[in-house]
Amino acid sequence: QVQLVESGGGLVQAGGSLTLSCVASRSIFSFSAMDWYRQAPGKQREPVARVTIGGSTYYADSVKGRSTISRDNAKNTVYLQMNSLKPEDTAVYYCKADSSNRDYWGQGTQVTVSS
């Protein structure tokens, strides 16, 4: 069983920045990709960013240019740096690890952006 633990969420004013972290209980080299998703109240969970095992990155249009996903393989950790935060970025942010057998999810970390 794989454990993913997110941290770094909180309350921030619009225009501010946050860096989310996701620590995996085993080497992230064992996953084909690591993703960040988010779910706002009353909305479906949506993808935010992805980093593949090869280091390629992908971003949702809503965060492109404002966010950076990165990975520290030695620490089994994936980060999501978010800048110029907007109230519409308010959501629970989840980390997901993709493997050939199944995907693993963390419990999420709340991000609240005040206007």
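The values are calculated or read from the model by the stated rules, or taken from the named source; none is laboratory data. Worth saying up front: this structure is predicted, and the values here are computed from it rather than measured. We place every Cβ from the backbone using ideal geometry, glycine too, and count neighbours over all the protein chains shown. Keep in mind that these areas ignore ligands, DNA and RNA; they rest on the heavy atoms of the full protein, side chains included. Shrake-Rupley method; radii C 1.70, N 1.55, O 1.52, S 1.80 Å.
Okay, here's what the table says:
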| item | result |
| --- | --- |
| Any hit, the stretch 75-96, residues being open to solvent by 60 Å² or more (accessible area, probe 1.4 Å) and modelled with pLDDT under 95 | no |
| Some residue of the stretch 14-31 being within 17 Å of SER114 (Cβ to Cβ), at pLDDT 95 or above and of a type in the set (Ser, Thr, Tyr) | yes |
| Which listed residue is open to solvent by 20 Å² or more (accessible area, probe 1.4 Å), charged (D, E, K, R) and under 12 Å from CYS95 (Cα atoms), from ARG26, ARG38, ARG50 | ARG50 |
| Residue count for the stretch 8-18, restricted to those that are of a type in the set (Ser, Thr, Tyr) and surrounded by 14 or more Cβ atoms within 10 Å (Cβ to Cβ) | 0 |
| Qualifying strands (runs of 3 or more DSSP E) (wholly inside the chain; at least 1 residues being touching a residue at least 24 places away in the same chain (Cβ under 8 Å) and among the aromatic types (Phe, Trp, Tyr)) | 33-39, 77-82, 91-98, 103-105 |
| Scan of the stretch 57-69 for residues that are of a type outside the set (Val, Ile, Thr) and either open to solvent by less than 50 Å² (accessible area, probe 1.4 Å) or at pLDDT below 95 (or both), ordered by number | ALA60, ARG66, SER67 |
| In the stretch 97-107, the residues that are of a type in the set (D, E, K, R) and open to solvent by 30 Å² or more (accessible area, probe 1.4 Å) | ARG102, ASP103 |
